[in-house]
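Encoded as structure tokens, the structure appears first; notes follow it.
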Amino acid sequence: MMPEPDDIGFGQPEPGSAAPPPSSPSASPPPPSPVELGAESLGGLTAPPPQSPTPTTPDAQVPAPKAIPGGKQLQRIQEQAAQAFRPLTDTVWSKLDRKATAVAEFTLRQYRTKSSTWVVLGIGVLFVGMMLMFYAEAMATGYEAYDNDGDSYDWDEDGYPAGQERRLGTDPNDRFDYPDPDIYPPDDPSVWINEDGFDWDGDYSNRNQGFDDDSDCTGEGWTDPGSWALPGNKDYNGDGIDCNARYRTNVTGEIVLGIMNDPNVDEDPDEDVFIKEALHRGFVLGFGKIGFVFLIGIFLPLFLATGLIRDEMDKGTLHYIMGKPIARAEVLAYRLLGYLAVVWPYSTVLILGTALITGFIAPSESLFRFDDMAAWLGVLLASWFVMLAYGTVFCTLGVMSPKYGLWIAIGLGVWEFAMAMISLGAPNFPLSWLSISHWGIEIVNCTSILAYPDQSWMAAVSETVNWGDDTPITGFYSAPSIMPTSAFGSLLISIFMLLMVTVMALFIGQSSLKRKELN
Amino acid sequence: MIPDLSQTGEGQKEWAPVPEAPHVVLNHVTKTYGQVIGLNDVSIAIKGGVTGILGQNGAGKSTLFKLIVGRLRPTSGEVMLFGTNPFKNPAPYSRLGYVSESEQLYDWMTGLDFVATLARLYGYTRDEAKERAMHVLEFVGLDDVANKEIGKYSKGMRQRVKIAHAMVHDPDLIILDEPLAGCDPLARTTIMNVVRELGAMGKTVLVSSHALHEIERITEQILILHNGRLLALGNLHAIRELLDKHPHRIKLLTDNPRELGRSFLPHEDVFGVRFPNSGELMIETNNLSSVHQALPGICVESGIRVTGIENPDDNLESLLGYLMEGRA
């Protein structure tokens, strides 16, 4: 209801009630009038509540404790306790209820009203759902074992696999030359498939690895130890040891950088076990890097953070917030806080949801695979820091150039995409270090190494066997670039770099906002 | 750039106004937008009472306010709000309430949300802010629609919720930029009453308008801006006297202007009548109040039906014209 001229003095004190003191020290006491009553009412809003229940006037006597009956004494004790605890309400929690949460909460609620927010978040969920379907299909697909060294084939069609013929000294290409069937009946060809897998004792410091399980390098058990089918140079990798695999590791011996086998050593591993595991890890790495850290990591901030201040300036509503006793830098920081309150829980739910679903589908001996949780947490860590950095940078661009900020942000997105691709292919190329995506990808690399003790070995094996597209781990895994000797050190540096970008962007953004005129 | 961990606001924590300083001081302030001059060498000092800022569209009223509240930085000169540069230090905002001319609001918020959320930026807790918001919404007559979305408010209600948000922290200085623009008569009356009452509370109120009669109903202390320049500053009565020195016109709408004009000619203060068209009579006088006093009697005696009375000179344009003549 609109007040009429005569009834504006709302909340006029009841007759006989004490009027609160005027709030403004500069306001001189107005003469008694209907208007003045209104003034007192408004002034009363600022009048602090009595801090102490104890009357201060001489007339008011506080009764001695002994004079208080039991019930009243209890009440008094409760009042005293309430008074004693009162300062606790003025702690960090009640203070956090003020400006920071007011702006952050306002930002959150503002996001809720924008359809663009729901569209962007919905697309992210759809994207993750689609990728999970592809993943589930890949995991449901069995990988038939195949003969990597070709010794299960009966080339001359004499009934004997080539491997058996070589071992027994007959010619695998001559159908009339084969072992005596009464003494050596023909092996089932499957015996000569997956007969020489990768042997690794898990000791990174031991560079002498590998074992010739099928003896087609050492010639042990062969009828003719000097057979032409045995390799002439049994120390191809030049480590002075015949028929082994030489492991190339980093300085600290924590990461396998490459494997060089002697001929016919570890040349026929079990695809079904290895490829499925490598595929799964490739998904964790690839989806973590491209999906969560790059695509979702850049699109969410682009659409949600660029307009945090810029849109308010455009609409002419920023002064509602800025026209308060709050530093402009704080407004920027608290708006970003609201943005983080949306994107961090969102990415957390998506990533942990993905971890949960893949945990049930991934190759594992138990119902749920817990081995990946650390890797997914690494992806989560990367996505948080990347979204923090991108959000701050994009918001700053919006502040610096309300007109072109979005276009500059899109241009930056293209740059980031190019650098992400470089970072995937050539992580040591220093140009990519000038991007946010590189450091996000680096975090995923480092945490995957920390999460899977044999991660670098598995990637090196895939590279050595050249399984190609079947094992995307070779494409998505990279050893740490900034600090090759330590995954943990690289992880810390990567986080530091992203925080540095954030702080710099925040500094530039608040400097720009401080100088901005809000016309 | 260290976030204020105390969350009490710079205004409450560190800043103290300069004692006895005028609430608003502009010292030779000029503001230009490229080649366009928004405000030209304006010097004023204001403390206490309701001051009406009069000026046509583009006169510089909003620029003046934006400079005072620190939204703009002066091109030259100095602006002080409670003795502090408002562009560099937001602390004086704790004693300032500002209602901008912008019609943009957060339409998705309820009136209570809007006022309470912004009140928290003064350092109030959630509960305190809500309580204060309810009080001021009641004060501006929006308590019954406090929980309604602002998008569903009428123009007058939107203006009042803006006023409520500016008053929620009980400021000493309230600036209202065209608060009556676009409002219906009932909303105008309500807002004018609110402004008058704020003045009676001892607040310093600056209110702008381009309509002289609106300001007249609010305050007697006015400041006139024209083309970015401070044209006049003082009491409205003095301005009225200035107006009275000039010939005035009274326009009567009637079916028989010539016969009615004949009835007015014997009046000693009427020195001429004109007939702009077949339905209008224009009376020229040097004593507006005298003719206005006699007007009803003359009309009744003549027996001629009058359908409307207007004072074409009683507007800002005329006032500005006279003031400019005086300058020339």
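The values are calculated or read from the model by the stated rules, or taken from the named source; none is laboratory data. From a predicted model like this one, the values you see are computed outputs, not experimental measurements. Virtual Cβ from ideal backbone geometry, glycine too; neighbours counted across all protein chains shown.
Regarding the stretch B:82-97, can at least one residue be identified that is within 28 Å of B:Ile46 (Cα to Cα), more than 10 Å from chain A (Cβ to nearest Cβ), part of a loop (DSSP other than H, G, I, E, B) and polar (S, T, N, Q)? Quick ask: steps written out before the conclusion?
Filtering the stretch B:82-97 down to residues within 28 Å of B:Ile46 (Cα to Cα) leaves B:82-97.
Pick out the ones that are also more than 10 Å from chain A (Cβ to nearest Cβ) and you get B:83-85.
With part of a loop (DSSP other than H, G, I, E, B) added as a condition, the list becomes B:83, B:85.
Narrowing the set further to residues that are polar (S, T, N, Q) leaves B:85.
Yes: the stretch B:82-97 contains one or more residues that are within 28 Å of B:Ile46 (Cα to Cα), more than 10 Å from chain A (Cβ to nearest Cβ), part of a loop (DSSP other than H, G, I, E, B) and polar (S, T, N, Q).
Report yes if A:Thr392 is at pLDDT below 95 and either buried (at least 20 other Cβ atoms within 10 Å of the Cβ) or more than 17 Å from A:Phe294 (Cβ to Cβ) (or both), otherwise no.
no
From the list A:Ile296, A:Ile309, A:Ile326, pick out the single residue that is in contact with a Lys or Arg (Cβ under 6 Å, 6 or more places away or on another chain) and surrounded by 22 or more Cβ atoms within 10 Å (Cβ to Cβ).
Numbers: A:Ile296 fails: in contact with a Lys or Arg (Cβ under 6 Å, 6 or more places away or on another chain); A:Ile309 fails: in contact with a Lys or Arg (Cβ under 6 Å, 6 or more places away or on another chain).
After applying the criteria, what remains is A:Ile326.
Condition check ((1) in contact with a helix residue (DSSP H, G or I) (Cβ under 6 Å, 6 or more places away or on another chain); (2) among the charged types (D, E, K, R); (3) without any contact (Cβ under 8 Å) to a residue 12 or more places away in the chain) across all residues:
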site	(1), (2), (3)
A:Leu318	yes, no, no
A:Ile326	yes, no, no
A:Ala329	yes, no, no
A:Ala333	no, no, no
A:Leu337	yes, no, no
A:Ser347	yes, no, no
A:Ile357	yes, no, no
A:Ile361	yes, no, no
A:Ser364	no, no, yes
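Among what's in the stretch B:118-141 and is farther than 17 Å from B:Leu96 by Cα and buried (at least 24 other Cβ atoms within 10 Å of the Cβ), pick the residue that is farthest from the other protein chains (Cβ to nearest Cβ). Outline the logic, then answer.
So in the stretch B:118-141, the residues farther than 17 Å from B:Leu96 by Cα come out as B:125-128, B:130-131, B:134-135, B:137-141.
With buried (at least 24 other Cβ atoms within 10 Å of the Cβ) added as a condition, the list becomes B:137, B:139-141.
Values: B:Leu137: 10, B:Phe139: 5, B:Val140: 8, B:Gly141: 4 Å.
Only one residue tops the list, namely B:Leu137.
Applying the selection to the stretch A:316-353, what residues are facing another protein chain (nearest Cβ under 8 Å) and closer than 30 Å to A:Leu126 by Cβ?
Residues satisfying the conditions do not exist here.
In the stretch B:149-160, what residues are within 11 Å of another protein chain (Cβ to nearest Cβ) and assigned to a helix (DSSP H, G or I)?
As a first pass, look at the stretch B:149-160 and keep what is within 11 Å of another protein chain (Cβ to nearest Cβ): B:149, B:151, B:154, B:156-157, B:160.
Once the filter is applied, which keeps residues that are within 11 Å of another protein chain (Cβ to nearest Cβ) and assigned to a helix (DSSP H, G or I), the stretch B:149-160 yields B:Gly151, B:Gly156, B:Met157, B:Arg160.
Here are B:Ala146, B:Ala187, B:Ala181: which of them is among the hydrophobic types (A, V, I, L, M, F, W, C) and within 11 Å of another protein chain (Cβ to nearest Cβ)? Steps first, please.
Values: B:Ala146 fails: within 11 Å of another protein chain (Cβ to nearest Cβ); B:Ala181 fails: within 11 Å of another protein chain (Cβ to nearest Cβ).
The match here is B:Ala187.
Answer yes or no as to whether B:Leu26 is facing another protein chain (nearest Cβ under 10 Å), of a type in the set (A, V, I, L, M, F, W, C) and either under 18 Å from the mean Cα position of the chain (by Cα) or buried (at least 16 other Cβ atoms within 10 Å of the Cβ) (or both).
Numbers: facing another protein chain (nearest Cβ under 10 Å): no; of a type in the set (A, V, I, L, M, F, W, C): yes; either under 18 Å from the mean Cα position of the chain (by Cα) or buried (at least 16 other Cβ atoms within 10 Å of the Cβ) (or both): yes.
No, not satisfied.
Hey, can you tell me all the residues within the stretch A:395-409 that are exposed (fewer than 14 other Cβ atoms within 10 Å of the Cβ) and either closer than 24 Å to A:Leu380 by Cα or of a type in the set (D, E, K, R) (or both)? Give the steps one after another, and end with the answer.
Step one: filter the stretch A:395-409 for residues exposed (fewer than 14 other Cβ atoms within 10 Å of the Cβ), giving A:403-404, A:407.
Once the filter is applied, which keeps residues that are exposed (fewer than 14 other Cβ atoms within 10 Å of the Cβ) and either closer than 24 Å to A:Leu380 by Cα or of a type in the set (D, E, K, R) (or both), the stretch A:395-409 yields only A:Lys403.
What's the number of the condition A:Gly359 fails, among (1) within 14 Å of chain B (Cβ to nearest Cβ); (2) in a helix (DSSP H, G or I)?
(1)
Collect the residues in the stretch B:202-216 that are surrounded by fewer than 24 Cβ atoms within 10 Å (Cβ to Cβ) and within 11 Å of another protein chain (Cβ to nearest Cβ), keeping them in residue-number order.
If the condition is that a residue be surrounded by fewer than 24 Cβ atoms within 10 Å (Cβ to Cβ) and within 11 Å of another protein chain (Cβ to nearest Cβ), then B:Gly202 is the only one that fits.
Suppose the filter is facing chain A (nearest Cβ under 9 Å) and part of a loop (DSSP other than H, G, I, E, B); does B:His169 pass it?
Working: facing chain A (nearest Cβ under 9 Å): yes; part of a loop (DSSP other than H, G, I, E, B): yes.
Criteria met by B:His169.
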